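The values are calculated or read from the model by the stated rules, or taken from the named source; none is laboratory data. Please read these numbers as outputs of a predicted model, since none were measured by experiment. Here the Cβ positions follow ideal geometry from the backbone for every residue, glycine too, while neighbour counts run over all protein chains shown.
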Amino acid sequence: MISFHLPRYALFPYERRLASMELQSLAETRPRVNAGSFSTPSFRSWKHVARKTTYFDRVTATDGIVVPTQALLEKSASRTAIRRQSTRYSAHGLHDYKGKFNPQVVRAVGNIIGLKPGSRVLDPFCGSGTVLVEAIHNGWAADGIDLNPLAIEIAQAKTHALLDPGSLLQALDVLVLRLDHLRSVGRNGTAISRDETRRLARHADGTGRTNNDYAASWFCSSVLAQIDAILSEVGRLGDQNIERVFQVVLSNLLRSVSHQDEADLRVRRRKEPLQNAPLIDVFLTSASVRLQEVASARAVLGQRSQSVVQATLGDSSDVLAQRSEAVYDAVITSPPYAMALPYIDTQRLSLAVLGLVPPGDLARLERNLIGSRDIPVHERRSREAEIQSGEVHLPRRSLNLCRRLLNALGDGDGFRRTNMPALLSRYLVGMSRFLEKCRPCIKAGGHLAMVVGKNETNIGGRQWKIDTPGFLAEIAEYAGYTVVDVLPLDAYQRYGLHAANSIREESLVLLRA
């Protein structure tokens, strides 16, 4: 008998179900579920299977003990005993990203659908690269697509960091030598002196990366000087991939040293403007911690995982429309939700400071994202007319909900609620187009797995629940997919400043092409 021992922290019911499903797929037998472990009859390849599993702390049999690679990766990011599930191990912790889904689900889904080293995976809404990082962990080849330039920068930084942490640690030593004497700047929280500002300026390249009105309105002058000093030294490292990693580390800190109210997802100011902050000190410390975590994960993986991964900037439907061959064994993604929270608003400081998007183009970029909550009046009216006339290319249930929401609007509904029917229609049509363009790119019998959440809105004095996973499953059938399962997930509990805004009802929609 082989015993697969669960971790000491509690798993969600869906995680136990995924653990059972992946064991059934890997071991080709239905496991017996016990209180603290699962068990199967002995089989020849049990050690190989044990290493691949996701939700077990260790696996024991009469002829040995195996610690799964996933358990080793999670432990590599912790200096103390693990008391709850880690989702920031390896390169996952390099940059926070709103809406990022649980990386353990990626490995589990890969095991359930039978992915192997060398399998080719696509994430068409790759965000900060969760699937791409997990592809490296599992030895898959992977492509990611996203319309958000910051998402692509983060995804590329994470994957490069995981593939070559040694070079980054050497580069960090260089940055410490060049910036260490400026660590004390801002430690007392007050504005720095003119002499200190000049000292910082001497370390900038003279181009004034942050010398624009938008940046100046969101950062005090001493923090701007520190940003310029950091970017100047990073720009002297001479390797674009290495520079990108350190720019992403800096990006992850920008909201905390700006006039932004960190508790607000929208760009809104603190009640009391920030006078100064020790950004250089925090940057060097953060870079050291994060890169050590990545190096520890790389040590777990060894040299056996050298996956080819890449992230492409663009609209997934447009990019996939140009690819006619069925090359992917699977698509694993967490697409935006209907009427998603404001991705670009949350990230606009990084987009502007890193020069990824001109400040004047931020609103346009927000509107172009699938799931955006912003819509011009003329487009809203046009979509409302299509809903009423039935000229929307959607299954009947989806169209009927849009129509019912539109007809329920009352005088007490503000402009955001008034936009909801048109926004929902635009979202579902956009996802329909994506599913249509994606299907020819998946090999026959290949899978598409989506983790997506439900929404709620109040229109006409009534609370409406929007079953986004159900609608997407229906739309997928309409596009020729076979629905394998819609598995409810207890959304992983977010901690910290975005906890109140996190979605707690998610589902795994599993399709077959």
Out of curiosity, is LEU274 of a type outside the set (Val, Ile, Thr) and at pLDDT 95 or above? no
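Every residue, every condition in (1) modelled with pLDDT under 65; (2) farther than 19 Å from VAL248 by Cα; (3) touching a helix residue (DSSP H, G or I) at 6+ places or on another chain (Cβ under 8 Å), yes or no:
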{"position": "SER167", "(1), (2), (3)": "no, no, yes"}
{"position": "LEU172", "(1), (2), (3)": "no, no, yes"}
{"position": "ASN188", "(1), (2), (3)": "yes, yes, no"}
{"position": "ILE192", "(1), (2), (3)": "yes, yes, yes"}
{"position": "ARG198", "(1), (2), (3)": "yes, yes, no"}
{"position": "THR207", "(1), (2), (3)": "yes, yes, no"}
Show the residue pairs meeting these rules: Cβ distance below 9 Å; 6+ apart or different chains; first residue within region 245-256 and assigned to a helix (DSSP H, G or I); second residue surrounded by fewer than 21 Cβ atoms within 10 Å (Cβ to Cβ) and among the polar types (S, T, N, Q). VAL249/SER286; LEU250/SER286; ASN252/SER286; LEU253/SER286
Any hit, region 411-418, residues being part of a strand (DSSP E or B) and hydrophobic (A, V, I, L, M, F, W, C): no
So the check is Cβ under 6 Å with 6+ separation or different chains; which pairs have a first residue in region 24-40 that's under 16 Å from ALA61 (Cβ atoms) and touching a residue at least 12 places away in the same chain (Cβ under 8 Å) and a second one that's assigned to a loop (DSSP other than H, G, I, E, B) and not hydrophobic (A, V, I, L, M, F, W, C)? PHE38/PRO31; THR40/THR29; THR40/PRO31
Go through (1) under 19 Å from ALA299 (Cβ atoms); (2) hydrophobic (A, V, I, L, M, F, W, C); (3) touching a strand residue (DSSP E or B) at 6+ places or on another chain (Cβ under 7 Å) for ALA161 and report which single condition fails. (3)
If you scan region 34-47, which residues turn out to be within 32 Å of the chain's Cα centre (by Cα), surrounded by fewer than 20 Cβ atoms within 10 Å (Cβ to Cβ), under 13 Å from ILE2 (Cα atoms) and not charged (D, E, K, R)? SER37
Every residue in region 174-186 that is modelled with pLDDT under 95 and either over 25 Å from PHE219 (Cβ atoms) or buried (at least 23 other Cβ atoms within 10 Å of the Cβ) (or both), please. LEU177, VAL185, GLY186
Quick check on GLY314: is it touching a residue at least 12 places away in the same chain (Cβ under 8 Å), touching a strand residue (DSSP E or B) at 6+ places or on another chain (Cβ under 7 Å) and surrounded by fewer than 20 Cβ atoms within 10 Å (Cβ to Cβ)? yes
Of everything in region 90-143, what is touching a strand residue (DSSP E or B) at 6+ places or on another chain (Cβ under 6 Å) and aromatic (Phe, Trp, Tyr)? Give them in sequence order. PHE101, PHE125, TRP140
Checked VAL392, VAL357 against criteria (closer than 30 Å to PHE219 by Cβ and at pLDDT below 95); the one match is VAL357
Quick check, is LEU401 aliphatic (A, V, I, L, M), under 24 Å from PRO488 (Cα atoms) and assigned to a helix (DSSP H, G or I)? yes
Per the filter on region 448-485, residues part of a strand (DSSP E or B) and closer than 14 Å to ALA338 by Cβ are MET450, VAL452, GLY453, ASN455, GLU456, THR457, ILE459, TRP464, LYS465, ILE466
Scanning region 126-162 for residues that are surrounded by fewer than 24 Cβ atoms within 10 Å (Cβ to Cβ) and in a loop (DSSP other than H, G, I, E, B), the one farthest from the chain's Cα centre (by Cα) turns out to be GLY139
Restricted to region 369-417 and to residues being among the small types (Gly, Ala, Ser) and surrounded by fewer than 19 Cβ atoms within 10 Å (Cβ to Cβ), the residue nearest to ARG462 (Cα to Cα) is ALA408
Taking region 253-303 as the search range and keeping residues that are of a type in the set (Asp, Glu) and within 21 Å of the chain's Cα centre (by Cα), which one is surrounded by the most Cβ atoms within 10 Å (Cβ to Cβ)? GLU293
